[in-house]
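Let me begin by presenting the structure, written as structure tokens, before commenting on it.
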Amino acid sequence: MKMTEHLTPEEKKDMWILWRRSCLLNGSMQAIKRQGMGFTYSLIPLLKRYYKDDKEGLTEALVRNDTYINTHASTGTFLVGLTAALEKSKAAGEPVDGDTIVNIKTSLMGPLAGIGDSIFHITLRVIGAGIGITFANQGSILGAIIFMLIYGGTFLGIKYPLIVSGYTLGTTYLKELFEKGWIKSISKAASVLGLSMVGCLASSLIKVSTSLVIDIQGAEVTVQSMFDAILPNLLPMITLFIVYKLIKRKVSVTKIVMGMLLLGILMSFLGIM
Amino acid sequence: MGTALLVALTYWVIYVVDESFSWQALVRPIVTGPIVGLVCGDVTTGIIMGGLIEAIYMGIVSIGGGAPANAFDATVICTVFVIKGGLSTEAGLALALPIGTLTARIPQLILPIHAYFIRIFEKYAANGDADAYSRLQAMYRFVIGKNVQVIVIFFAIWLGSDAVSGLFNMLPAWVTGGLSVGAGMLPALGLGILTSMIFNKELGAFLVLGYALHAYLGLGTMAVAVIAGAIAVIMFFSDIGKSNNQPVVISEEEDFLS
């Protein structure tokens with residue numbers, strides 16, 4: 001394969017390790033960190049080698065990657081390759097900033113998920129199912145097989161080139177930028193992207209609204225419509241802010257989850273939400 | 001009960017194999033239907049049910065993961081009801097969406113279990129114990145995964161269709177509604193952890209920018225990435241222009257651009 005020409009035999013092997021391990025990207029999927037653990041798991045064999053004699057570095061790398069990531073299990077593997085390359089540079093003592101790695105991941109995960117969703121869930125799955133259903137309606141097993149080839153086959157096939165290109169980007173262009181000593185500027189730029197993305201995701205993913213109706217001189221006014229008119233999605237942002245403060249105060253994840261579910265039931269019982 | 005046990009086991013195997021590739025392919029109705037049909041001794045009906053349920057669920061796209069209804073659970077339960085329970089194809093099909101909507105709530109109920117294991121993962125990471133971390137992730141789909149759903153599927157098939165809908169109707173509306181409200185807040189947790197890692201005062205306003213672009217203009221992640229990316233590039237170049245005015249750096253910059 002031409003695109004792996006610049007890789008050493010060992011790096012080629014690494015790419016397959018990343019391919020195999022990233023198959024478990026969704027293996028511990030839940031609503032809190034999504035694929036965070038699957039992502040860290042994908043990198044572990046390489047991290048262990050990169051930070052061979054540096055237990056502290058390995059620990060930092062594990063903690064750094066063990067965080068919220070929500071991307072597509074196939075197109076998102078681009079990030080697995082890219083992060084591996086950045087961790088490699090960092091472990092080699094190059095001036096790669098840990099926060100920058102997190103920021104780059106955060107800013108790219110959404111767009112990659114968007115691309116993955118439109119390629120796989122919207123296009124290929126609908127094409128595969130559309131053709132498959134015609135066969136299935138006649139009682140033919142060909143329907144399932146065609147679906148698996150069109151959707152399942154491409155899903156796995158596209159991962160390898162994506163991992164390699166992510167890794168290549170990380171080892172060449174980004175590394176070049178780091179080497180020029182533009183770390184501060186890069187991490188600033190990455191923060192701009194990362195924070196904007198979190199703002200957008202918070203507004204679109206967090207669903208909090210109120211069904212409260214207040215009576216103003218006989219006229220019934222729904223509180224939510226007032227919010228919508230002035231500051232739409234204000235409640236999700238307030239929720240994010242409160243959770244952020246709780247995490248800063250080291251309140252455990254379990255407590256926050258239980259709190260949210262109980263608060264939900266309480267609010268629902270009182271008819272506020 | 002034999003059927004219920006066999007089907008629950010089949011459900012578990014399909015899930016584990018599918019999750020081994022993060023695939024979301026084997027769990028689609030069009031593939032699950034024939035497999036369940038095979039187990040229940042009527043492949044053709046399984047294929048047809050799978051095709052019909054796929055047609056219902058094809059349009060339900062779960063962008064960002066939060067599925068409004070679970071196609072996999074619905075296919076397994078409805079196909080068995082049709083083959084073994086003597087339900088007509090149409091009646092089985094009519095149940096597909098309600099059942100899928102009900103079972104889609106289960107992940108919210110077992111979230112405290114996930115939260116507990118997330119803390120174990122965090123502990124392993126903080127101790128630099130990469131091997132233990134790997135082991136837990138590799139086992140996760142077997143030992144936690146969808147095991148609660150497996151039990152639900154078992155009882156649903158064992159008790160039959162009336163019992164299933166009766167059970168869910170017993171829960172008062174404020175409990176089910178409340179769980180949905182709580183589930184709506186959950187993404188704030190992951191995003192809150194992320195914010196705590198990358199937030200800084202100087203650039204914090206970009207959080208507001210991302211929010212405003214979505215809330216007021218309705219832009220998606222892709223559009224926000226492009227806009228924020230452009231701002232990031234502008235800031236990057238103005239930044240390096242400010243800090244380095246030496247001719248050496250400028251020539252390097254030209255190299256990079258050309």
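Report the full-extension gain for the segment A:Thr8 to A:Ser225: residue separation times 0.36 nm, less the Cα-Cα distance, to one decimal in nm. Spell out each step's value before the answer.
Details: separation 217, 0.36 × 217 = 78.12 nm, distance 5.97 nm.
Computed gain between A:Thr8 and A:Ser225 is 72.2 nm.
Assuming 0.36 nm per residue, please report the length gained on full extension of the stretch B:Ser196 to B:Val175 beyond their Cα-Cα distance.
Going from the current span to full extension adds 4.4 nm.
Does a label point 7 Å from the Cα of B:Phe142, set along Cα-to-beta-carbon, have any residues of the stretch A:18-51 with amide nitrogen under 13 Å, and which are they?
Residues passing the 13 Å test: none.
For the stretch A:213-270, just say rounded, prolate or oblate: build the C-alpha gyration tensor, square-root its eigenvalues into a ≥ b ≥ c, call rounded for a/c under 1.5, and beyond that prolate if a/b exceeds b/c, oblate if not.
Working: a/c = 4.01, a/b = 1.87, b/c = 2.15.
Since a/c reaches 1.5 but b/c is at least a/b, the shape of the stretch A:213-270 is classed as oblate.
Using amide H atoms built in the peptide plane, which far-off residues or other-chain residues are under 5 Å from A:Ile69 H to H?
A:Gln35, A:Gly36
Helix A:77-91: angle to the longest alpha-carbon principal axis of chain A, degrees 0 to 90, nearest 10?
70
Assuming 0.890 mPa s and 25 °C, estimate D for the stretch B:28-146 with Stokes-Einstein, Rh taken as the Kirkwood radius over Cα pairs, in µm²/s.
Working: Rh = 16.0 Å.
So the translational diffusion coefficient is about 153 µm²/s.
Partner chain Cβ atoms within 10 Å, averaged over the residues of A:117-126 - can you pull that number for me? Display every interim value, and only then the final one.
Details: counts 5, 3, 0, 2, 5, 3, 0, 0, 7, 3.
That average works out to 3.
At q = 0.12, 0.14, 0.28 Å⁻¹, what log₁₀ I(q)/I(0) does the stretch B:170-242 have when each alpha carbon counts as one equal point scatterer in the Debye sum?
Debye intensities relative to I(0), on a log10 scale: -0.52, -0.65, -1.25.
Mind checking the dipole of the stretch A:168-228: about its Cα centre, +1 per Lys or Arg Cβ, -1 per Asp or Glu Cβ, Debye to the nearest 20? Before the final figure, lay out each step's value.
Numbers: 5 positive and 5 negative charges, 107 e Å.
Using only the charged Cβ atoms, the result is roughly 520 debye.
Hey, got the dipole for the protein assembly as shown? About the Cα centre, +1 on K and R Cβ, -1 on D and E Cβ, debye to the nearest 20?
Details: 37 positive and 35 negative charges, 176 e Å.
Dipole size: approximately 840 debye.
Grab the DSSP H runs of chain B that are 4 residues or longer, score each as -39,500 (n - 2.57), total them, divide by all residues and round the 222 nm result to the nearest 500 deg cm²/dmol. Could you put the intermediate results ahead of the total?
Values: 15 runs with 197 residues, N = 258.
Roughly -24500 deg cm²/dmol at 222 nm, from the helical runs in chain B.
Give me the compactness ratio for the protein assembly as shown, meaning the Cα radius of gyration over 2.2 N^0.38 Å.
Details: Rg = 24.4 Å, N = 531, 2.2 N^0.38 = 23.9 Å.
The value comes to 1.02.
Just want the ordering: A:Thr77, B:Thr44, A:Thr172, from fewest to most Cβ atoms lying within 10 Å of their own Cβ.
Values: A:Thr77 30, B:Thr44 14, A:Thr172 11.
Ranking A:Thr77, B:Thr44, A:Thr172 by Cβ neighbours within 10 Å, fewest first, gives A:Thr172, B:Thr44, A:Thr77.
Can you run phi through the Karplus equation (6.51, -1.76, 1.60; θ = phi - 60°) for the stretch B:107-124 and list ³J(HN,Hα) in whole Hz, with x for Gly and Pro?
Using θ = phi - 60°, the values come out as x, 5, 5, 8, 4, x, 5, 4, 4, 4, 6, 4, 5, 5, 4, 4, 5, 4 Hz.
On the principal axes of its Cα set, how long, how wide and how thick is the stretch A:140-273? Give whole Å, largest value first.
On the principal axes, the stretch A:140-273 reaches 66, 61, 33 Å in Cα extent.
Taking the Cα of B:Lys242, stepping 7 Å toward and past its beta carbon, and measuring to each backbone N in the stretch B:171-209: which are under 16 Å?
Hits in the stretch B:171-209 for B:Lys242 at 16 Å: B:201-206.
In chain A, if the dipole is taken from +1 on Lys/Arg beta carbons and -1 on Asp/Glu beta carbons about the Cα centre, which of A:Ile127, A:Val213, A:Ile150 is farthest to the positive end?
The residue sitting farthest along the positive end of the dipole is A:Ile150.
How large is ³J(HN,Hα), in whole Hz, for each residue of the stretch A:58-64 in order, when computed from phi with the Karplus curve 6.51 cos²θ - 1.76 cosθ + 1.60 and θ = phi - 60°, using x for Gly and Pro?
Going residue by residue, I get 4, 4, 4, 5, 5, 5, 4 Hz, with x marking Gly and Pro.
Pop out the ³J(HN,Hα) list for the stretch B:48-54 in order, Karplus 6.51 cos²θ - 1.76 cosθ + 1.60 with θ = phi - 60°, rounded to Hz; leave Gly and Pro as x.
For the stretch B:48-54, the Karplus curve yields 5, 4, x, x, 5, 5, 4 Hz.
Test of the criteria: in the stretch A:1-89, which trypsin sites (Lys or Arg not before Pro) are in a DSSP loop and have at most 12 other Cβ atoms within 10 angstrom of their Cβ? Please report the intermediate quantities before stating the final value.
Numbers: sites: A:Lys2, A:Lys12, A:Lys13, A:Arg20, A:Arg21, A:Lys33, A:Arg34, A:Lys48, A:Arg49, A:Lys52, A:Lys55, A:Arg64, A:Lys88; in loops: A:Lys33, A:Lys52.
Loop-located and lightly packed - A:Lys52.
Taking the alpha-carbon set of chain B, what are its Rg and Dmax in Å?
That works out to 24.7, 83 Å for Rg and Dmax.
Could you give the nm distance between label points at A:Val213 and B:Ile113, where each point is 7 Å from its Cα heading toward the beta carbon?
A separation of 4.0 nm, rounded to one decimal place.
Given that compact globular proteins tend to follow 2.2 N^0.38 Å, what is the ratio of the alpha-carbon Rg of chain A to that value? Could the numbers behind the result be given before it?
Values: Rg = 22.7 Å, N = 273, 2.2 N^0.38 = 18.5 Å.
Taking N as the residue count of chain A, the ratio is 1.22.
All of the numbers you see were taken from the coordinates with simple rules; none came from a lab. Given the structure is predicted, the values throughout are model-derived calculations rather than measurements. Glycine gets a Cβ as well: all are built from the backbone with ideal geometry, and neighbour counts include every protein chain shown.
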